[in-house]
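Chemist: Shown below is the structure under consideration.
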Amino acid sequence: MYFDSVQSALSMDGHGSFVWVAYLVTLLIISAILLLPTLRRRRLLHRVATELARQESGHANREGPR
């Protein structure tokens, strides 16, 4: 093992705060890269479904009763 204890691994000879912040920022960016397209896709599908329903109801109203 490279470090004698967990505390030694976290501090990394005084550089630990920079290293762990870099890991955290990287993790957040990768998570956003993976999550945002999924959220945008869901939002787009919802908008399309809403618009389609609006068009269908408008089309049904124009035809009148049968």
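Chemist: Along Cα→Cβ, 7 Å out, is where each label goes; now give me the distance between the ones at Leu35 and Trp20 in nm to one decimal.
Modeler: 2.1
Chemist: Skip the ligands, DNA and RNA, and give the accessible area per residue of the chain with a 1.4 Å probe, whole Å².
Modeler: Accessible area per residue: 97 Å².
Chemist: Let me ask something additional. Leaving ligands, DNA and RNA out of it, report the carbon-plus-sulfur percent of the accessible area of the chain at a 1.4 Å probe.
Modeler: Numbers: 4180 of 6400 Å².
For the chain, the apolar C and S fraction of the accessible surface comes to 65 percent.
Chemist: Moving on. Suppose we look only past 17 Å in the calculated P(r) of the chain. What percent of the Cα-Cα pairs does that tail hold?
Modeler: Values: 1460 of 2145 pairs.
More than 17 Å apart: 68 percent of the Cα pairs in the chain.
The values are calculated or read from the model by the stated rules, or taken from the named source; none is laboratory data. From a predicted model like this one, the values you see are computed outputs, not experimental measurements. Positions of Cβ are backbone-derived with ideal geometry, glycine not excepted, and every protein chain shown enters the neighbour counts. These accessible areas exclude ligands, DNA and RNA; they are computed on the full protein's heavy atoms, side chains included. Shrake-Rupley method; radii C 1.70, N 1.55, O 1.52, S 1.80 Å.
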